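A short worksheet on the structure shown next.
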Amino acid sequence: MLTLQNVTVIYPDKTKAIDNLSFTLGGHENIALIGENGAGKTSLLLAIVGILAPAGGTVEVNGIRLCKKTVNEIRKQIGLVFQNPDDQLFMPLIYDDIAFGCRNYGLPEEDIEARVDETLDLLNISHLRGRSSLKLSGGEKRLAAIATVLAMNPSVLLFDEPTAYLDPKAKRALTEVLKKLRHPKIIATHDMVFAAGVCDRTVILKDGRIMADGAVSLLSDNELMRRCGL
C-alpha cells in the first residue's frame with residue numbers, strides 16, 4: 001500500500017508544484033493521474049520516489065516512510081517508468097539494461113539472469129534480449145523500459161505518460177501488458193481513452209491539488225474536465 005499524507009513540493013523558484021496532497025493507493029488499484037500540463041503530475045511521481053524532496057507531508061509504502069535513510073529501500077518497493085524510454089535504456093544490450101538495477105544491488109549473476117528471463121517472458125519480448133535499444137521501435141523501447149523496472153520486483157508501479165511516442169498498435173500492446181500486471185499503479189497520462197481502458201480510478205490534479213478522486217467515469221464529465229483545464 002502507498003500512502004501520501006499532506007505532501008507538498010516546492011521548487012527552488014518558490015513554485016508550489018504539489019500542494020498539501022493526500023491519497024492512498026492499495027490492492028490492485030490502477031489510478032489514472034490526470035491534469036493539464038503543469039498540474040503537478042510528474043512532480044508528484046518524482047516526489048514519491050524521492051527524486052524531488054517533499055517540503056512537507058509524508059510518503060509511505062508498505063510501512064516504510066520516505067526519508068534520506070530509506071530512499072533506496074523505497075526505490076526497491078516503487079518502480080518508476082519515465083516518459084522517455086531512453087532515460088532507462090543506456091547499456092549496449094537490452095539484457096544489460098534490465099540487469100543493471102539488480103547488479104547495482106549486488107544480486108548473484110545467476111539470480112539476475114533468472115529475473116531478466118522471467119521479465120522478458122512476462123512482457124513477451126524475449127526476442128529483444130540481445131538487441132540494442134538503438135535498433136528498437138518506440139513500442140519495443142517502452143516495453144524494455146518497463147522490464148528494467150519489473151526486474152527489481154517492485155510492489156508499486158508508477159508511469160509517466162506511457163503512451164507518449166507510441167503508434168496505435170504499440171498502444172494496444174501496452175494496454176494489454178498493463179492490464180496483465182497485478183501491481184497497483186499510478187499512471188500519469190493525457191490519453192483519456194487509454195486511461196479508461198487500463199484504470200479503475202481517476203485522480204485529477206490542478207495547480208498541484210486534487211480536484212476530483214473517483215471512478216474513471218469522471219473522465220466523461222465535460223464540465224469537470226473544463227474546470228480542470230482539460
Point to revise | Whole-angstrom gap from the range 204-230 to the range 117-161, using each part's C-alpha centre | key: 31
**Study point:** Normalised per residue, the volume of the convex hull around the Cα set of the range 29-149 (Å³)
**Key:** 140
**Study point:** Helix 138-150 axis, angle to the chain major axis (alpha carbon atoms, nearest 10°)
**Key:** 90
Review point. So for the range 135-230, what are the equivalent ellipsoid semi-axes in whole Å, largest first, each being the square root of 5 times an eigenvalue of the Cα gyration tensor?
Key: 25, 15, 12
Check your understanding: Sorted by average packing, counted as other Cβ atoms within 10 angstrom per residue and highest first, what order do 199-205, 6-12, 157-163 take?
Key -> 157-163, 199-205, 6-12
Review point. Whole number please: convex hull volume per residue of the Cα set in the range 95-167, in Å³?
Key: 95
**Study point:** Translational diffusion coefficient (Stokes-Einstein; Kirkwood radius from C-alpha pairs) of the range 2-53 at 10 °C, 1.306 mPa s, in µm²/s
**Key:** 135
Review point. Quick one: with all protein chains in place, what share of the accessible area of the chain is carbon or sulfur, to the nearest percent (1.4 Å probe)?
Key: 51
**Study point:** Using alpha-carbon coordinates, inclination of helix 94-104 to the longest axis of the chain, degrees
**Key:** 70
Practice item. Working from Cα positions, state the angle (0 to 90°, nearest 10) between the long axis of helix 168-180 and the longest principal axis of the chain. Key: 90
Check your understanding: Percentage of Cα-Cα pair distances in the chain greater than 28 Å, rounded to whole percent?
Key -> 30
Check your understanding: 222 nm [θ] for the chain, helices only, -39500 (n - 2.57) per DSSP H run of 4+, per residue, to 500?
Key -> -10000 deg cm²/dmol
Practice item. Take Arg115, Arg142, Arg103 and sort them by solvent-accessible surface of the protein heavy atoms, 1.4 Å probe, largest at the top. Key: Arg103, Arg115, Arg142
Check your understanding: Which one of Val7, Leu66, Val149 is farthest out on the positive end of the charge dipole of the chain, using unit charges on Cβ (Lys, Arg +1; Asp, Glu -1) and the Cα centre as origin?
Key -> Val7
Exercise for review: For the chain, report the accessible area per residue in Å² (1.4 Å probe, heavy atoms, rounded to an integer).
Suggested key: 47
Study note, to complete from the structure: The correct ranking of Thr148, Thr15 by accessible area at 1.4 Å, largest first, is Thr15, Thr148
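The values are calculated or read from the model by the stated rules, or taken from the named source; none is laboratory data. All values derive from a computational prediction rather than experimental measurement. Positions of Cβ are generated from backbone atoms using ideal geometry, with glycine treated the same way; all protein chains shown enter the neighbour counts. Just the protein is used for accessible areas: all its heavy atoms, side chains included, with ligands, DNA and RNA removed. Shrake-Rupley method; radii C 1.70, N 1.55, O 1.52, S 1.80 Å.
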